[in-house]
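The values are calculated or read from the model by the stated rules, or taken from the named source; none is laboratory data. Keep in mind the model is a prediction, meaning the values are calculated, not measured. Please note: Cβ atoms are built from the backbone with ideal geometry, for glycine as well, and neighbour counts cover all protein chains shown. Accessible surface is based on the protein model in full, side chains and every heavy atom, while ligands, DNA and RNA are left aside. Shrake-Rupley method; radii C 1.70, N 1.55, O 1.52, S 1.80 Å.
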Amino acid sequence: SKLAALFEHPLYNIPVPEVTERDKLFVVNPMEKFSLRSSGSDEWVSSSKAEALLPTGKTAYDTYPTWLKFHIGINRYELYPRRDPLLPTLLRDLATQRIVSSVQKSGGTQLKLIMTFPNYGQALFKPMKQTRDQETPIDFFYFSDFERHNAEIAAFHLDRILDFRRIPPVSGRLVNITKEIQDITTDKKLAKTFFISPAGNVCFYGECSYYCSTEHALCGKPDQLEGSMAVLLPDKTLAKRRSWRSPWRRSYHKSKKAEWELNPNYCAQVRETPPYNRGHRLLDLIDMAILDFLMGNMDRHHYETFEKFGNDTFLLHLDNGRGFGTHSRDEPSILAPLQQCCSIKKSTYLRLQLLATQPYRLSDVLREALAADPLAPILAEPHLQALDRRLGKVLLAVGHCLAR
């Protein structure tokens, strides 16, 4: 296994700083056990009278479902640890747990559902809109591209292989539209949009600002539909997140260019602007640009951080559905932060060099990681080949910077 060998490599065993209580997203009372008594909300309910030791002799932590253990494990430095024993169970839960509720997620340009499991865990479901080998048409603007469910799955594994660990775990899943959405939804607006297509397939389209119409309906075969299931982060009422506009945001206009596209010295002013004027925020942004370039994702207008940790924490790499749309062409402008700032974390650079070598080739380790997903194969082979080509271009860009 190339993947196992990669994670054993010294570059993947650099210790994270010691995590103190202040560095944890949640400080948990070890006496609280998880109780499945509902208080009418989707949140888990702790029973305040729990004893330190439960009748089974287990600690209270053992009573927590996997999604809650994942939430509790989030800290200032990482969304989940490198050798996270929870990860296989969490991915399996996403793929197999019974769905007890499906409602549409508000906001966004495309249809997404929030699905709830019996243990109060929740996942964001993005349905399949395109086949694996459909490329984004060459005349499409990045903002009119579809979101791809398989891109969400591949992005999670790529992010982990790069050792960023900033994307919440995602698994593929085959969903029964009738039993797991239509029959159980309490969302009246969503319920009104189901119909049977002329081919006899169950379809629905929901309500959203762009792609929610009969022409853009999602149809099963006859009611089986592929999608990505991403673990939801803790509710914002429990763990506030701050949304930051990316300095390298595109104009989202058919003819206007953004300032960074016109000013080659743009990075100089970014470096003087908080929060990029101190700490590792700019380097984290460059990490994100490299991830996006490898995926071909041009749609990174914002990013988020957990408010509790201030400016000294990692960036969340959310919403990756517009990645992996093209394999036949690369988009050099995504690398603008790296090229204009000529900065990169040493650890990132060393790992990228490692992933360009034969024993740890990026396409091979990602192919191996994706093979375990229930919807495998996740990426068409040309997309995996494109990763190696793009990795070469990232290393070339760093080479130019070093030469300068």
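Remarks
- The lone exception for ILE99 - which of (1) modelled with pLDDT of 95 or more; (2) of a type in the set (A, V, I, L, M, F, W, C); (3) open to solvent by 20 Å² or more (accessible area, probe 1.4 Å); (4) more than 26 Å from PHE306 (Cβ to Cβ) it fails: (3)
- Residues satisfying the stated conditions in the range 307-319, i.e. more than 14 Å from ARG165 (Cβ to Cβ) and open to solvent by less than 10 Å² (accessible area, probe 1.4 Å): PHE309
- Counting only residues that are surrounded by 10 or more Cβ atoms within 10 Å (Cβ to Cβ) and of a type in the set (D, E, K, R), the range 1-23 holds 4 of them.
- Being among the hydrophobic types (A, V, I, L, M, F, W, C), assigned to a loop (DSSP other than H, G, I, E, B) and either open to solvent by less than 70 Å² (accessible area, probe 1.4 Å) or out of contact with any helix residue (DSSP H, G or I) (no Cβ under 6 Å at 6 or more places or on another chain) (or both) is a property that ALA268 lacks.
- Test for SER209: is it open to solvent by 40 Å² or more (accessible area, probe 1.4 Å), over 26 Å from ALA336 (Cα atoms) and at pLDDT below 95: yes
- Residue that is farthest from HIS216 (Cα to Cα), among those in the range 80-96 that are open to solvent by less than 40 Å² (accessible area, probe 1.4 Å) and in contact with a Lys or Arg (Cβ under 9 Å, 6 or more places away or on another chain): ASP84
- Picking from residues in the range 181-200 that are of a type in the set (Gly, Ala, Ser) and farther than 15 Å from ILE114 by Cα, the one that is least open to solvent (accessible area, probe 1.4 Å) is SER197.
- Condition met for ALA369 (over 21 Å from GLN385 (Cα atoms) and in a helix (DSSP H, G or I)): no
- Answer from ARG351, ARG322 - the residue that is under 29 Å from GLN110 (Cβ atoms) and either open to solvent by less than 50 Å² (accessible area, probe 1.4 Å) or touching a Phe, Trp or Tyr at 6+ places or on another chain (Cβ under 9 Å) (or both): ARG322
- Of the criteria (1) within 23 Å of VAL270 (Cβ to Cβ); (2) in a helix (DSSP H, G or I), which one GLN385 fails: (1)
- Selection from the range 371-382 of residues that are touching a helix residue (DSSP H, G or I) at 6+ places or on another chain (Cβ under 8 Å) and of a type outside the set (A, V, I, L, M, F, W, C): ASP373, PRO374, PRO377
- Odd one out for ILE74, checked against (1) touching a strand residue (DSSP E or B) at 6+ places or on another chain (Cβ under 6 Å); (2) open to solvent by less than 30 Å² (accessible area, probe 1.4 Å); (3) modelled with pLDDT of 95 or more; (4) not small (Gly, Ala, Ser): (1)
Conditions (1) crowded, with 23+ Cβ neighbours inside 10 Å; (2) touching a helix residue (DSSP H, G or I) at 6+ places or on another chain (Cβ under 6 Å); (3) in a strand (DSSP E or B); (4) not small (Gly, Ala, Ser), marked per residue:
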position: THR109; (1), (2), (3), (4): no, no, no, yes
position: PRO118; (1), (2), (3), (4): no, no, no, yes
position: LYS126; (1), (2), (3), (4): yes, yes, yes, yes
position: LYS129; (1), (2), (3), (4): no, no, no, yes
position: ILE138; (1), (2), (3), (4): no, no, no, yes
position: GLU152; (1), (2), (3), (4): yes, no, no, yes
position: SER171; (1), (2), (3), (4): yes, yes, yes, no
position: VAL175; (1), (2), (3), (4): no, no, yes, yes
position: LYS179; (1), (2), (3), (4): no, no, no, yes
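- Scanning the range 330-343 for residues that are open to solvent by 40 Å² or more (accessible area, probe 1.4 Å) and touching a residue at least 60 places away in the same chain (Cβ under 8 Å), we see that the one that is farthest from PHE7 (Cα to Cα) is GLN340.
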